[in-house]
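Trainee: Quick one: the structure is below, and I'll ask about it shortly.
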Amino acid sequence: MAKTRISISLDPEDAETIKAVATESGLDVSAFLVMAGRREAARLARVSEAFSEIDAAIDRADAEAEQLPWPPDGDADSDTDAVDRARSEIAAARAEAAARRRGAAA
């Protein structure tokens, strides 16, 4: 398999720490950094996936907000309804996030 060389710059302390941990793990620095990079890439992908629905909801809310008049010209009852709806949606999002955390912990 073809390999690609990547050059990185490190503080001397970081370089020594990485070399020492790689050696203690029985790996050369390159193998250690590949392993660590793969692990971190997988972690970041899981984080991105976990927040994708929330990010999409935020994008939809932002798009909807752009269409609203400012300052609002509605009456107090519609403002109360909007606040109630927002609170309900926040509570639902929190409940969904808590359920996901419980599922991930299992």
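Trainee: Step through the residues of the stretch 96-101 one at a time and calculate ³J(HN,Hα) from phi using the Karplus curve (6.51 cos²θ - 1.76 cosθ + 1.60, θ = phi - 60°), rounding each to whole Hz and writing x for Gly and Pro.
Mentor: With the stated coefficients, the stretch 96-101 comes to 5, 5, 5, 5, 5, 5 Hz.
Trainee: I'd like the accessible area for PHE51, computed on protein heavy atoms only with a 1.4 Å probe and all protein chains in place. Round to 10 Å², please.
Mentor: Rounded to the nearest 10, that gives 110 Å².
Trainee: Next question. At 1.4 Å probe size, what's the solvent-accessible area of ARG46? Round to the nearest 10 Å².
Mentor: It works out to around 150 Å².
Trainee: Now, a different point. From the helices alone, meaning DSSP H stretches of at least four residues, give me the mean residue ellipticity at 222 nm for the chain, per-run term -39500 (n - 2.57), in deg cm²/dmol to the nearest 500.
Mentor: Computed mean residue ellipticity for the chain: -27500 deg cm²/dmol.
Trainee: Can you pull the percent of the chain's accessible area that's carbon plus sulfur, 1.4 Å probe, other chains left in place?
Mentor: Here carbon and sulfur together make up 56 percent of the probe-accessible area.
Trainee: Could you give the length gained on full extension between ALA104 and ALA56, defined as 0.36 nm per residue of separation minus the Cα-Cα distance, in nm?
Mentor: 15.2 nm
Trainee: Sticking with this one: Once both axes come from the Cα atoms, what is the angle between helix 12-24 and the longest principal axis of the chain, in degrees from 0 to 90, rounded to 10?
Mentor: Rounded to the nearest ten degrees, it is 70.
The values are calculated or read from the model by the stated rules, or taken from the named source; none is laboratory data. Not measured: the values here are computed from a predicted model. Note: areas computed on protein heavy atoms with side chains; ligands, DNA, RNA excluded. Shrake-Rupley method; radii C 1.70, N 1.55, O 1.52, S 1.80 Å.
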